[in-house]
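Okay, structure first, notes after.
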Amino acid sequence: MKQQKIFPGVILIGFGLYFYLHQSNILIFREFFTWPTLLIIVGVAFLIQGYAGKDYEAILPGTILVGFGIHFHVVNKLTIWPDHIGTFILVIALGFLLRYQKTGAGFYQGVLFMTLSILLLFYDKLGNWLGFVEGTVSVAWKFWPFLLVICGLFIIFFKKK
C-alpha cells in the first residue's frame, strides 16, 4: 500500500534540519550549505517514499537526485572523481537497476545506460588497451553517436513486442 504522506514529511524534516543547521552556523556543516545538499534531501525523500512507502517508481528520481547531489559535492574535493558526462549516465543507470530490483521493469535501460557510461568514462583508455587497432577505434569513435541514433530508431520502429 502506497503511503503518500511519507514524501512531504521527509521533505519538511530535511529542509527544517537544513535551515536550522544553517541558522546555527555550526562550523562542521558549513560546506554542506549549498544547493547540492538540497538535491540530496529531495532525493532521500524520494528514496524513502520508494522503499518505505512501497512506491517503487520513486526509486529512479530518488537515485538520480541523490547521485547528482553527491557528485556535485565530491567532484571538487576528490581528484579521482570523474567530472564527466559518463558519471551522470552512470547515476541514471544505477537508478534504473535499483528500480528493477523492486518492479522488474527497467533492466534493459539500466544495462544500456551502464554500458554507455562505461564507454564514455573509459574511452580515452580504450585506445591504449586495444593498441594495434587504435586507428580503427579513433575512426569508429567519431561515428559512435550515429550508431546510437541507428540503434534507437531500430528499437522504436523495428523491435517486436
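Each value in this text was obtained by applying a stated rule to the coordinates, not by laboratory testing. Bear in mind the structure is a predicted one, so any value in this text is a computation, not a measurement. Note: ideal-geometry Cβ built from the backbone for every residue, glycine included; neighbour counts use all protein chains shown.
A few notes on this one:
- Modelled FRET efficiency - R0 30 Å, residue 34 with residue 112, Cβ distances, 0.05 increments: 0.40
- Residue-wise HN-Hα couplings along segment 83-95, as the Karplus relation 6.51 cos²θ - 1.76 cosθ + 1.60 with θ = phi - 60° gives them from phi, are 9, 8, 4, x, 5, 5, 5, 4, 4, 5, 4, 4, x Hz; Gly and Pro carry x.
- Label assignment, mean projected area of the Cα convex hull in nm² derived from the structure, set (1) 12.9; (2) 9.2; (3) 8.5: (1)
- For the pair residue 153 and residue 77, label points projected 7 Å from Cα toward Cβ lie 4.6 nm apart.
- Sequence ranges 24-32, 40-48, ranked by mean other-Cβ count within 10 angstrom, highest first: 40-48, 24-32
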